[in-house]
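The values are calculated or read from the model by the stated rules, or taken from the named source; none is laboratory data. Given the structure is predicted, the values throughout are model-derived calculations rather than measurements. Because the Cβ atoms are built from the backbone with ideal geometry, glycine has one as well, and the counts that use them run over all protein chains shown. Protein only, heavy atoms only, side chains kept; ligands, DNA and RNA dropped before computing areas. Shrake-Rupley method; radii C 1.70, N 1.55, O 1.52, S 1.80 Å.
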Amino acid sequence: METCDALIIGGGPAGSSCARQLRRHGLDVMVMDQAEFPRDKVCAGWITPAVLRTLEIDPRAHARQHTLQPIRAFRTGLIDDRPLTSRYPDTISYGIRRSEFDDYLLKRTDARLALGQPMESLRREGSRWVINDAVRTPLLIGAGGHFCPVARHLGARVGGGDTAVVAKEVEFEMDAGQIAACEVKPEMPELYFCEDLSGYGWCIRKGRFLNIGLGMERAQGLNRALARLCRFLEQSGRIPPDIPDRFRGHAYLLYGRSDRKLLDDGVLLLGDAAGVACPRSGEGILPAVESGLMAAATVLQAVGDYRGDRLATYRERLSARYGVPPGGAANRAAGTLRKGLGRLLLRSRWLTRHVVLDRWFLHAGQADLQGT
């Protein structure tokens, strides 16, 4: 049986960020994922410069070998309404392809990789976890997304109890005819919101690749909203009329909208497994990376004593960074207020730029994570 200091289930940005930080401090880390990398990941695929800074990635060097589409403007509006254009003097985001990005992050961790291996069994033996009757470790870290088996072990009721955001998207390489018929500019992603702001669709171009999708806070009506978005984009000449019909779905939890247990003796949850996506924009990559680094800081501070009370500072770090999660009544009140704001926000050039884009999506004024 193999042993390691920490076993991370899930090789996405949360798991790889945590693994890299723990390896830097000399821990023997293994990352297990049911997929082989590189692998496709359902995601719009754009990141803010804060992601690159936090991950210590030089954008110019990274762009030499990977997709990193500079973004300097946004086209935003309600679905079926006239959009507004907001331009910026500098690059304020980047388009990425998750298959490339996640593979790059995982390979640079210097961790042992067990890819193509799902977690099939888990049991506790004294102060150790035994996974798949093959790996023994004192510390188990769940970073396997919304359906993470470690989250299930901690009592997560996937599909019940939590209100998840559901989304569908397709990303494909356009042929010459599709490129000629595509009006979406690579430097200007397009965002189209549901009128009650319960969700939004996107259209993002990364060179020859086009990503189209929509996410919303309820599964009911998702397919109808997505069909409406695609019809609107096609009729307004934004996308080619012959896009592939192979949309894939996924789900995730917004920070503060979940009662998932984040930790216990010898176990922590990160990223989408912990439900840390940004409540306003649904962005998951930056919170995933930050949660991985905060978890690593907690683990290193524990110095091998992984009892729950020693790991509780992880929860405190999350609250200090993202705020104390509001209660259910506060969330419902915010949702009711938001329903009346859609047209007001998205028909105002000033509010669109300074509230929707700068505050909700670009996190203007938010300092990078420090002192993890």
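Our coupling estimate for the stretch 292-303, obtained by passing each phi through the Karplus curve with A = 6.51, B = -1.76, C = 1.60 and θ = phi - 60°, is x, 6, 5, 5, 4, 4, 5, 4, 5, 5, 6, 6 Hz, Gly and Pro reported as x. Residues whose amide H falls under 5 Å from that of LEU254, counting only those 5 or more places apart or on a different chain, are VAL165, with hydrogens built in the peptide plane.
With every protein chain kept in place and ligands, DNA and RNA left out, what is the accessible area per residue of the chain? Probe 1.4 Å, answer in Å².
Averaged over the residues of the chain, the accessible area is 44 Å².
Element breakdown for the stretch 69-136 at a 1.4 angstrom probe: carbon and sulfur atoms account for 41% of the accessible area. Take the Cα radius of gyration of the chain and divide it by 2.2 N^0.38 Å, N being the number of residues; the result is 0.99.
Within a straight-line Cα-Cα reach of under 17 Å, LYS168 can be paired with the following lysines, leaving aside sequence neighbours fewer than 8 residues apart in one chain: LYS41. Within a straight-line Cα-Cα reach of under 18 Å, LYS107 can be paired with the following aspartates and glutamates, leaving aside sequence neighbours fewer than 8 residues apart in one chain: ASP28, ASP33, GLU36, ASP40, GLU56, ASP58. Under the combined filter of DSSP loop state and at most 11 neighbouring Cβ atoms within 10 Å, the stretch 186-215 retains none of its trypsin sites (Lys or Arg not before Pro). Just tell me the longest site-free run in the chain, where the sites are GluC sites (Glu not before Pro) in a DSSP loop having at most 12 other beta-carbon atoms within 10 Å. For GluC sites (Glu not before Pro) (loop position, at most 12 other Cβ atoms within 10 Å), the longest site-free span of the chain is 121-372.
Answer rounded, prolate or oblate for the stretch 34-121, using the Cα gyration tensor with square roots of eigenvalues a ≥ b ≥ c: rounded when a/c is under 1.5, else prolate when a/b is larger than b/c, else oblate. It is oblate, given that a/c is not under 1.5 and a/b is not larger than b/c. GLY215 sits among other residues whose Cβ lies under 12 Å from its own Cβ, and their net charge, with Lys and Arg +1 and Asp and Glu -1, is -1.
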